[in-house]
1. Given the structure, is residue A:140 of a type outside the set (Gly, Ala, Ser), within 12 Å of chain B (Cβ to nearest Cβ) and within 30 Å of residue A:47 (Cβ to Cβ)?
2. Is one or more of the residues making up the range A:146-153 of a type in the set (Val, Ile, Thr), under 29 Å from residue A:73 (Cα atoms) and without any contact (Cβ under 8 Å) to a residue 60 or more places away in the chain?
3. Taking residue B:229 as meeting all but one of (1) under 26 Å from the mean Cα position of the chain (by Cα); (2) within 9 Å of chain A (Cβ to nearest Cβ); (3) not hydroxyl-bearing (Ser, Thr, Tyr), write down the number of the exception.
4. Among (1) in contact with a Gly (Cβ under 9 Å, 6 or more places away or on another chain); (2) modelled with pLDDT of 90 or more, where does residue B:130 come up short?
5. In the list A:64, A:68, which residue meets the criterion of being out of contact with any strand residue (DSSP E or B) (no Cβ under 8 Å at 6 or more places or on another chain), more than 14 Å from every other protein chain (Cβ to nearest Cβ) and not charged (D, E, K, R)?
6. Answer with yes or no whether residue B:215 is closer than 30 Å to residue B:9 by Cα, away from chain A (no Cβ under 14 Å) and at pLDDT below 85.
7. Of the residues that sit in the range B:120-151 and are within 16 Å of the chain's Cα centre (by Cα) and not assigned by TED's automatic domain parsing to the domain that holds residue B:190, which one is nearest to residue A:133 (Cα to Cα)?
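The values are calculated or read from the model by the stated rules, or taken from the named source; none is laboratory data. Keep in mind the model is a prediction, meaning the values are calculated, not measured. Cβ placement follows ideal geometry from the backbone for every residue including glycine, while neighbour counts extend to all protein chains displayed.
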Amino acid sequence: MLDFNNVTYSYPGGEPALNGISFHISDGEQIGLIGANGAGKSTLMKAALGLIGVQGTITACGLQMNKQNLSQIRKHLGYVLQNSDNQMFMPTVIEDMIFGPVNYGMSREEAEKVADKTLAQLGMEHLRDRHNHRMSGGEKRMAAIATILAMEPKLMLMDEPSAALDPRNRRILIDMLNQLPVTKIIASHDLDMILETCDRVILINDGQIVADGDTLTVLSNKTLLENNNLELPFCLAGIPMKKRPKMQ
Amino acid sequence: MHRLAPLAKLLLTMLYILVTVSFNKYDITGLFVMVLFPVVGYQFSFIPIRTCFYKLRIVMPLVCAVGLFNPFFDKNILFYVGNIGFSGGVISMVTLMMKGIFCLMASFLLVATTRIEEICRALRQLHFPKMLTSLLLLTYRYISVLLDEVSVMTVAYHLRAPGQKGIHVSAWGSFLGQLILRSMDRAENLYDSMLLRGFHGEFTYAEGRNSSRHGAIVFICCAILIMLVRLYNLPAILTSLFI
């Protein structure tokens, strides 16, 4: 589904943001991409989407990425941005949902059918004609995911999908992610969510892969996580308590 | 009005604005009749006129201020009412105000009864450049986001500058700079998102309501009435009939 082979990228005048990254993702895998701030998660996602030019080779959906086949590859990729406002640029949810499919050649009627079906599957029919700027943060996040699902992608990439969600909406999101039958790469600091939604984790630091393996194995390795400026997920670390001075 | 085809509404509004601004600056009586069209439109659309004035309360004074200096430049007395003489400057100032207000009322009526995608689609049908319609669509979508950003920055400023009224001049530069940088950052992300969903330079707009026979009749009647009002000074004709 997605292959990175010795991929390197540096921002202009900066240190390498990706440094010889190689990995393979198979169909149906659920990948958690973790790392501290500035580790290179978002850059890796952008590279996978062909938004930045890199050294090395990236193969997505059986095609080696180059300028000529970029739109063909992107047709099969869905990217959920961290900020839903940046993603949903059309006035209403339904307009946003049909934007992608119509651009990729689907007729408007057909695209609307797919969008309606997607909304029904997610139980979000009530948001269909809502204005994007009049929704709550949680609704926007769900609608943003719906707009990508309406494109029927083979591979979904999500940047911090649980950021700024309240616990209830976060739970709804996790349940929704677990039901989606597509290959997913989820970049997040929410390690508890990663534990619940992914079966494999890639840990990166300073643009390099530090660990790549089974979710529970990686996320329960306290030393590994702490060496890479992370902590054990709350559910594995136990309930954190504030240290209070002893009462006399 | 809500059921009229978007293209018909757009054309009518454009015609109305063109005709309204084409009145001579002293032709206050002819212009006065033009108020009927938006007023009737608001009635048919079940939109209270006060909503228009309330929503446009920031723009209206600016429009009204356009001819404010005319009385100082054009002091030629045109007519007297009793002992009070009305100069050309005063008349042209009132005419300009009326033109501005009427045009705003008509534009607001169009926006209030038509969705933005329908307006953009109608504009594209009239072969408006796609860049302009895209700009219009995205401005409508992002104006609230930009205002939210301004509001957040203003609150952040005031929390660290208690007792200050407004934003100090020394901070204007960095304030605006930050806003521009944030907007550019957002614009870049937004464009990425569009590219990833196959954007190739043109938005596709929803099929609007098609013109019905009823709609076509309303459109033709309104257009004829607007042109009649422009060609004949109805108040003057009515006055000559009775006096």
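1. Spelling it out, residue A:140 is indeed of a type outside the set (Gly, Ala, Ser), within 12 Å of chain B (Cβ to nearest Cβ) and within 30 Å of residue A:47 (Cβ to Cβ).
2. Looking through the range A:146-153, none of the residues is of a type in the set (Val, Ile, Thr), under 29 Å from residue A:73 (Cα atoms) and without any contact (Cβ under 8 Å) to a residue 60 or more places away in the chain.
3. With respect to (1) under 26 Å from the mean Cα position of the chain (by Cα); (2) within 9 Å of chain A (Cβ to nearest Cβ); (3) not hydroxyl-bearing (Ser, Thr, Tyr), residue B:229 is out only on (2).
4. Of everything listed in (1) in contact with a Gly (Cβ under 9 Å, 6 or more places away or on another chain); (2) modelled with pLDDT of 90 or more, residue B:130 misses just condition (2).
5. A:68
6. Answer is yes for this residue.
7. Per the stated criteria, the residue is B:120.
Listed here are the residues, each with its yes/no results for (1) under 17 Å from residue A:92 (Cβ atoms); (2) basic (Lys, Arg); (3) in contact with a strand residue (DSSP E or B) (Cβ under 9 Å, 6 or more places away or on another chain).
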{"residue": "A:106", "(1), (2), (3)": "no, no, no"}
{"residue": "A:115", "(1), (2), (3)": "yes, no, no"}
{"residue": "A:118", "(1), (2), (3)": "yes, no, no"}
{"residue": "A:122", "(1), (2), (3)": "yes, no, no"}
{"residue": "A:132", "(1), (2), (3)": "yes, no, yes"}
{"residue": "A:136", "(1), (2), (3)": "yes, no, no"}
{"residue": "A:141", "(1), (2), (3)": "yes, yes, yes"}
